[in-house]
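Structure first, commentary second.
The values are calculated or read from the model by the stated rules, or taken from the named source; none is laboratory data. Nothing here was measured: the structure is a model prediction, and the numbers come from that model. Quick reminder, even Gly has a Cβ in these numbers, built from the backbone with ideal geometry, and neighbours come from all protein chains shown. Areas reflect the complete protein model, heavy atoms only, side chains present, ligands, DNA and RNA absent. Shrake-Rupley method; radii C 1.70, N 1.55, O 1.52, S 1.80 Å.
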Amino acid sequence: MTTEALKQQPAPQQAAAAKSGTDLIRIHGGKRLNGTIEISGAKNAALPLMCAALLTDEAVRFTNMPNTLRDIRTLTAVLESLGAIITMGPDGEMVIHAQEIKSDHADYELVRQMRASILVLGPLLARMGAAEVSLPGGCAIGTRPIDLHLMGLEAMGAKIELHDGYVRATAPDGLCGAEITFPKVSVGATENLMMAATLAKGTTVLHNAAMEREISDLGACLIAMGADITGLGTPVITIKGVPALHSALHKVIADRIETGTYMIAVALTGGTLRLKNTQTEFLKALIGPLKDAGVSFDEDGGDIIVHRNGKPLVGTDIMTAPYPGFPTDLQAQFMTMLTQCEGAGMISETIFENRFMHVPELCRMGANITVQGNAAIVRGVKKLKGAEVMATDLRASVALVLAGLVAEGTTTVDRIYHLDRGYENLVEKLQACGAEIERIREK
Ligand code: EPZ
């Protein structure tokens, strides 16, 4: 299949409803999940990895890319608007060749669709000495400022101007290494500055750097491209600038958030799921509370076997935190699980200021949840009732799908374009394990 065809080709689940209107997901709840699910490449590793390809004029090859995700398509359009040539293969292959950067301007029309586009700022500035990127703006879960990205680039000698909703960064004589301490942990700022520092003159040290698995994956790819980076996975990352980077071949790590989502799905429905092409090592902060709630785990030839058969779920407390703490991207899904636990559980959301928008929708399904500031108390109820609910953001959407899997009756989830941003073939993967779930077209 040619790249163009693949780029144009809607993901399988979208093909079925590519006519008009918005997509809906309809679920008849109550089915246990039994079967095997192949985990895709990590969206939150893939996006910075794609931006890293701007740092060299040679081709960078990837495998295990989640090519059908909407966010990947959006970032592909951003990189192509800058002059990169991108080809995609059917099995997660992708080649990005930014031989010539034709423009250093990342337009609002594209950036507003996917705020992680801000990750082109550091690479563009390092490669070209100038970059103009639309300010990404906020999203449903928070204001999502980029002050830490800009603070770091200024420390490396960039001149930063804000005008008409764009940030213009210039460093005509190139960036210089700097000691940078983040006042708070930021995944994106760590990624942007790590990429920018690879081509800076001298050494950059990032203190209070984020330690997420996706950052270590980005660092591993940059090292394969010739960068000199140490300290990945620790709070102090040191990058010694080099004159140029070169081609590399890199396999994207498995998506730990997709993995955790399916773990919670089977915890809710009961049954046994075999999760392939993934690992438990980077999900300890989820597996602990799931075991406390009554979920069992086994490993078999590199696969993760997750099962909950018989014992009722027991409520447990979680607090989201930067890695290795409980991932904020699994908070909504875990809350859905707590609605079905015996007893109560408390969720504290410490990363984003508005990440409880799934709460009113879950309450419409009969959940008993009380929110006080950044804390939510979830008291288990016997049953959720199917309802028409609306997705508001990527992880809230999947939390509503999980609720539908276990609710009595029929649940329809609207605005599931949010889901297509971060879950490859969700409906097909769940159907194959016995869920009564389908993607339909609004009348
Ligand atoms: C990344 O977002 C992920 N996105 C998010 O996943 C994830 O929730 C988040 O990290 C935290 O783990 C991608 O990797 C593409 P941050 P990012 O910078 O980098 C504040 C999903 O569902 N902050 O670590 O934007 C910020 O407002 C998405 O897949 C500043 O104040 O997150 C937030 O409160 C959602 N100034 C906190 O830091 C800044 O300059 C953490 O944000 C940057 C961030």
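Heavy-atom accessible area with a 1.4 Å probe sorts C221, C139, largest first, into C139, C221. Within the range 289-443, antiparallel bridges make up roughly 65 percent of the DSSP beta bridges whose residues both belong there. Label zone (A244, point 7 Å along Cα-to-C-beta; backbone nitrogen cut-off 13 Å) within the range 81-104: 99-100.
Please list, by residue number, every one of the trypsin sites (Lys or Arg not before Pro) in the range 141-212 that is coil in DSSP and has at most 13 other beta-carbon atoms within 10 Å. Intermediate values should be presented prior to the final figure.
Numbers: sites: K159, R168, K184, K201; in loops: K184.
Within the range 141-212, the qualifying trypsin sites (Lys or Arg not before Pro) (loop, at most 13 other Cβ atoms within 10 Å) are K184.
Accessible-area rank, largest first, for S397, S81, S216: S81, S216, S397, with all protein chains present and a 1.4 angstrom probe.
Counting 0.36 nm for each residue step from I377 to E179 and taking away their Cα separation leaves a gain of 67.2 nm. When you filter the GluC sites (Glu not before Pro) in the range 347-443 for DSSP loop state and at most 15 other Cβ atoms inside 10 Å of their Cβ, you are left with E353, E442. For the range 371-390, backbone nitrogen atoms closer than 16 Å to the point 7 Å from S348 Cα along Cα-to-C-beta are found at 371-378.
When the helix-only estimate is applied to the chain (DSSP H runs of n ≥ 4, each -39,500 (n - 2.57), divided by the residue count), what is the mean residue ellipticity at 222 nm, nearest 500 deg cm²/dmol?
Numbers: 16 runs with 138 residues, N = 443.
That calculation yields -8500 deg cm²/dmol at 222 nm.
Could you compute how fast the chain diffuses translationally, taking Rh as the Kirkwood radius over C-alpha pairs and applying Stokes-Einstein at 20 °C with viscosity 1.002 mPa s? Give it in µm² per second. Taking Rh from Cα pairs, D becomes 96 µm²/s. Site pair A321 and K276 shows an inter-label distance of 3.6 nm when each label is modelled 7 Å from Cα along Cα→Cβ.
Rank these residues by their accessible area, most exposed first, probe 1.4 Å: V371, V95. It would help to have the intermediate numbers written out before the result.
Details: V371 65, V95 30 Å².
Sorted by accessible area, descending: V371, V95.
With respect to the chain, whose longest principal axis is taken over its alpha-carbon atoms, helix 70-81 is tilted by about 20°. With angles folded into 0 to 90 degrees, how steeply does helix 394-406 sit against the dominant principal axis of the chain? Use alpha carbons for both and round to 10. Here the helix axis deviates by roughly 20 degrees. Taking every DSSP beta bridge that has both ends in the chain, the antiparallel portion is near 70%.
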